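> If you scroll down you'll find the structure; I have some questions about it.
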Amino acid sequence: MLKKRLIFALLLDEGYFQLSRNFTLQSVGDLEWLYENYNLKAITQSVDELLLLNVGRGKKDTKEFSRQIIEITKKCFMPIAAGGGLRTIEDAYLILNSGADKLVVNTSLFTQQSYISELIKIFGSQSIVASIDYKRTEKGTDVFINNGTLSLGISIEYAISEIQKLNVGEIYLTSIEQDGTGQGLDLKVLSKATMATNIPIIASGGVGKLEHFIEGFNIPFITAVSTANIFNFIGDGLITTRLKLKQEKIPLAEWLDECN
């Protein structure tokens, strides 16, 4: 049986970690704040992958972002997917050489498809995570790019059909309306998305408690569920969540603690 993954996302803007609600950001502290207020080792013992996103609204500084990745990976080892504003092959090498295992791409999926194809040719499909952000509409869904600010006027189903042609490894699907609310995943849209593709889907947007993880994992072909709300999982929250997911017979991976 394919193992499910619990993913924790950290949002960065010019060195400061952010809370996001409906893609509106609130700064909560820098790297020292993270170390002082959050047990990074506890994250590693509780989740299967760390997602680092450069969510700055201006011109993104990939070099500074890569330095943040290096600092975070010094604390302990775990798989990392990272991205935000990647536009060149040099950007990709910089992120991967800083300790990331996968590249997360969003806007360029629709504006620079030749770039995505080149990334896949160099690094392989398994290294590319296609991030899709969307809102619901009266007629269905609408996909957004540029940090959720620009509507493409296309549905998730159409976006997935186009992305599938690129042969990416995974899709990271985020509801802008559910983002940061803690009110649960958009289960209806997630279910439709899984029926539109055979690419593994990571569910994101709205996770605030244990039941939301369970609901996401119970959708066939959802291979991972992600949360970015650090305040909902302060202390031993993530450790407790993982233990309870196992009790609910969610097939999570087993691994050894590799932190110092």
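The values are calculated or read from the model by the stated rules, or taken from the named source; none is laboratory data. Values in this document were obtained by computation on a predicted structure and should not be read as measured data. Cβ placement follows ideal geometry from the backbone for every residue including glycine, while neighbour counts extend to all protein chains displayed.
> In the range 147-162, how many are surrounded by 15 or more Cβ atoms within 10 Å (Cβ to Cβ) and within 19 Å of G85 (Cβ to Cβ)?
Count: 3.
> Is it fair to say L51 is assigned to a loop (DSSP other than H, G, I, E, B) and of a type in the set (A, V, I, L, M)?
Values: assigned to a loop (DSSP other than H, G, I, E, B): no; of a type in the set (A, V, I, L, M): yes.
So L51 does not fit the description; no.
> Considering only residues of the range 122-159 that are β-branched (V, I, T), under 17 Å from K192 (Cα atoms) and part of a strand (DSSP E or B), which is farthest from the chain's Cα centre (by Cα)? Can you show your working first?
Here is the first cut: in the range 122-159, the ones β-branched (V, I, T) are 122, 128-129, 132, 137, 141, 143, 145, 149, 154, 156.
Then drop every residue that is not under 17 Å from K192 (Cα atoms), which leaves 132, 137, 141, 143, 154, 156.
Within this subset, residues satisfying the condition of being part of a strand (DSSP E or B) are 132, 141, 143.
Details: I132: 10, T141: 20, V143: 16 Å.
Ranking the candidates gives T141 first.
> Could I ask something else about it? State the number of residues belonging to the range 67-119 that are modelled with pLDDT under 95, hydroxyl-bearing (S, T, Y) and in contact with a Leu (Cβ under 8 Å, 6 or more places away or on another chain).
Selection size over the range 67-119: 0.
> Within the range 125-140, does at least one residue satisfy the condition of being exposed (fewer than 14 other Cβ atoms within 10 Å of the Cβ) and under 18 Å from T88 (Cα atoms)?
No, that holds for no residue.
> Still on this structure, I have one more. Quick one: which residue in K74, K63 is part of a helix (DSSP H, G or I), closer than 30 Å to K244 by Cα and not polar (S, T, N, Q)?
K74
> Within the range 101-121, how many residues turn out to be touching a residue at least 40 places away in the same chain (Cβ under 8 Å), in a helix (DSSP H, G or I) and crowded, with 17+ Cβ neighbours inside 10 Å?
Matching residues across the range 101-121 total 4.
> While we're looking at this one, here's another question. Looking at (1) modelled with pLDDT under 90; (2) in a strand (DSSP E or B); (3) charged (D, E, K, R), which is the one condition that is false for R5?
Tallying (1) modelled with pLDDT under 90; (2) in a strand (DSSP E or B); (3) charged (D, E, K, R), R5 fails exactly one: (1).
> It is to be established whether one or more residues within the range 24-33 are closer than 30 Å to Q164 by Cβ and surrounded by fewer than 22 Cβ atoms within 10 Å (Cβ to Cβ). Reasoning before the result, please.
Restricting attention to the range 24-33, the residues satisfying the condition of being closer than 30 Å to Q164 by Cβ are none.
The answer is no, given that none of the residues of the range 24-33 is closer than 30 Å to Q164 by Cβ and surrounded by fewer than 22 Cβ atoms within 10 Å (Cβ to Cβ).
> I would also like to ask the following. Hey, I239 hits all of (1) among the aliphatic types (A, V, I, L, M); (2) out of contact with any Lys or Arg (no Cβ under 7 Å at 6 or more places or on another chain); (3) at pLDDT 90 or above but one; which does it fall short on?
Status for I239: all satisfied but (3).
> A further question follows. If V143 satisfies all but one of (1) crowded, with 18+ Cβ neighbours inside 10 Å; (2) closer than 17 Å to I7 by Cα, what's the number of the condition it fails?
(2)
> Something else: How about the range 168-182: which of its residues are out of contact with any strand residue (DSSP E or B) (no Cβ under 8 Å at 6 or more places or on another chain) and at pLDDT below 95? Lay out the reasoning, then the answer.
Within the range 168-182, the first condition is being out of contact with any strand residue (DSSP E or B) (no Cβ under 8 Å at 6 or more places or on another chain), and the residues that meet it are 178, 182.
Within the range 168-182, G182 is the sole residue that qualifies.
> Cβ-Cβ below 8 Å, separation at least six or inter-chain, first residue in the range 176-187 and under 12 Å from N229 (Cα atoms), second aliphatic (A, V, I, L, M) and not in a loop (DSSP other than H, G, I, E, B): which pairs?
G180/L19
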